[in-house]
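The values are calculated or read from the model by the stated rules, or taken from the named source; none is laboratory data. On a predicted model such as this, the values are computed, not experimentally measured, just so you know. Positions of Cβ are generated from backbone atoms using ideal geometry, with glycine treated the same way; all protein chains shown enter the neighbour counts. Areas reflect the complete protein model, heavy atoms only, side chains present, ligands, DNA and RNA absent. Shrake-Rupley method; radii C 1.70, N 1.55, O 1.52, S 1.80 Å.
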Amino acid sequence: MPDRYAVIGNPVSHSKSPWIHAQFAHACAQDIEYGRIEAPLDGFAAAVDVFRASGGRGANVTVPFKQEAFRYCASVSERAGEARAVNTLVLDGDAPWGDNTDGIGLLRDLEFNLGFVLKGRSVLVMGAGGAAQGVVPSLRAAGPDRLVVANRTVDKAHALAARFEGTIGCGYADLAGESFDLVVNATSAGLTGELPPLPPARRLFARGALAYDMVYGRDTPFLALARAAQVRSSDGAGMLVEQAAESFLVWRGVRPATRPVLDALRKG
Ligand code: ATR
């Protein structure tokens, strides 16, 4: 019998995780089965309980349950503790354990796949919700010269920045006249075809800047803005594959090669 894993979210039908983990399992000769579980919005813990009781060994957690997954776990990794969110559940021990591979996934995509070294650079993260919270600790640990978190609700940016020394929180209006080497869109604005109220792109993006949208498989207004300003840009496909590879490592003890899977994902 293969070991069983799943991605749990709502909605989850669009998730590429089953396909990605099937590629990893094949490449690493691991006998696993990886499915999808759509938990009711008020039924996350019950859904994980059922999966665990039926032999499920681990799960990825996606929107909107990452914070609830953090509370569900008896203990978590240091990086999940910093993010206060869990995207990787380990269910085969005595009690559920949680990890968060989103931050390292973004970092690996930036530094290895895109060749963007963060050390000494100026970085802007847009958004202060769960997605931003998941990646700010890793971005900060990579040693940027400056890390600014901007959010529409300014209090949330301040609260997030206050948790991470050296990080600055502000509103979008405060960005006038500032420029950055890396701008990461961690808002959900693109999902509704919206763009955070940024100052003009020609100033915001420093020479040779990278615009990164954590959303995957959607041409967001932010990516369109970067293209129009002739700024290099990337969607979140690489982050998706890299965070999956880290989860696979946590569960199986082997880290699959990501490049072939990312290339195949991009080809559709
Ligand atoms: P997630 O877990 O995806 O981060 P979230 O916690 O609901 O979801 O956070 C969504 C983020 O996108 C927030 O930072 C939100 O800004 P507010 O805190 O001001 O609500 C941001 N966001 C969503 N739509 C936006 C828009 N049209 N313009 C700017 N920011 C937006």
Given the candidates Ser15, Ala257, Asn87, the one whose Cα lies deepest towards the positive end of the charge dipole of the chain, counting +1 at each Lys or Arg C-beta and -1 at each Asp or Glu C-beta, is Ala257
accessible surface per residue for region 7-89, probe 1.4 Å, DNA/RNA/ligands not counted, whole Å² -> 48 Å²
Treating only Lys and Arg (+1) and Asp and Glu (-1) as charged, each at its beta carbon, one finds that the chain has a dipole about its Cα centre, in Debye to the nearest 20, of 680 debye
Taking Lys and Arg as +1 and Asp and Glu as -1, residues besides Gln30 with C-beta under 11 Å from its C-beta add up to -2
Helix 237-252: inclination vs the chain longest Cα principal axis, degrees, rounded to 10, gives 40 degrees
Length gained if Arg203 through Asp42 is fully extended, taking 0.36 nm per residue and subtracting the Cα-Cα distance, is 53.5 nm
Dividing the helical contributions, -39500 (n - 2.57) per DSSP H run of n ≥ 4, by the residues of the chain yields a 222 nm value, nearest 500 deg cm²/dmol, of -10500 deg cm²/dmol
Expected max-MSF residue from Ser188, Ser54, Ser234 in the GNM of the chain (alpha carbon, under 10 Å) is Ser54
Whole-Hz Karplus couplings 3J(HN,Hα) for region 76-82, θ = phi - 60° and coefficients 6.51, -1.76, 1.60, Gly and Pro as x, run 9, 6, 4, 5, 5, x, 5
Percent relative contact order for region 113-268, counting Cα pairs under 8 Å at least six residues apart, stands at 17 percent
Rounded to a whole %, the carbon-and-sulfur portion of the accessible area of region 10-104 at a 1.4 Å probe is 51 percent
With 0.36 nm assigned to each residue of separation and the Cα-Cα distance removed, Asp94 to Val154 gains 17.5 nm
Of every hundred units of 1.4 Å-probe accessible area on region 112-268, the number belonging to carbon and sulfur atoms, as a percent, is 50 percent
GNM on the chain, Cα springs under 10 Å; top mean-square fluctuation among His158, His14, His26 goes to His14
Given a 1.4 Å probe, the accessible area of region 138-268 per residue, as a whole number of Å², is 47 Å²
GNM of the chain, Cα pairs under 10 angstrom: of Arg79, Arg140, Arg218, the biggest fluctuation goes to Arg218
